[in-house]
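Below is one structure; the comments refer to it alone.
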Amino acid sequence: MNDGYIAVWFLTIGIILFMTGWQEQVADQLSQRSLSLILAGAFMLQFVTIPIISELAVKGSVVYITAVTAASLLLLRRPGTIVYVLVCGVLTGMICLWIRYMYLLDPVFILLNPAWDGPLIAGLFAGLLCDRFRTQSSVVVIAAVISPLHAVIHTWNGMQFVIGSLAWWDGLMISLMVARVIGNSKGWLRRKTLPVMDEPSGQRGGG
């Protein structure tokens, strides 16, 4: 499968759902204007590459998405929540970094797919640890930026790893999709179980 195909596929599905009444499930209260600005900015800056070191470079789109993530966290204006999300993102990114490094040491550590294992775990943690789109996406972005740093730890054949490549966006979209599915499932279970738990015991099972 070509790099970028999964990202375009999930993005197309998400936009269709967002525009057809599933806005809350896709991106909570994110407005159509904000979503358009984020996507347009990321697309235009995708063609800009910023070298960091000989083994590592970053796309302008990643810098833009990281800045948007930082701004969205600051707008929460809750220091405790901000610190919690940052810690979750860093720890998740370190786990993904460790997984990628294990693949370099021995391919036997591959679970499903080398390109999917890290993003799936990142999405799983983001969905379990956070409830809202803003915090889930922040954890996913932080982890996605940290995980490719295995290129600095273990260099090979002078190849350059680019944070923000099409394969990187595939992983980011996989993580975000998993996080939203888990987050929505948590919300659904909460809505189903809380009324039962709050119902007076004398009324349960009544005819």
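A protection proxy built from the mean count of other Cβ atoms within 10 Å ranks the segments 8-14, 60-66, 74-80, 48-54, most packed first, as 60-66, 8-14, 48-54, 74-80. All alpha carbon pair distances within segment 42-91 were sorted into 5 Å bins beginning at 0; the resulting P(r) in whole percents reads 5, 19, 19, 18, 16, 15, 8, 1. Consider all pairwise Cα distances in segment 1-146 and report the whole-number % of them above 24 Å. Result: 38 percent of Cα pairs exceed 24 Å.
Quick note: the coordinates plus some simple rules give every number you see, no bench work behind them. Predicted model, so just to flag it, every value in this text is computed and none were measured. Methodologically, a virtual Cβ is constructed for each residue, glycine included, from the backbone with ideal geometry; neighbour enumeration extends over all protein chains shown.
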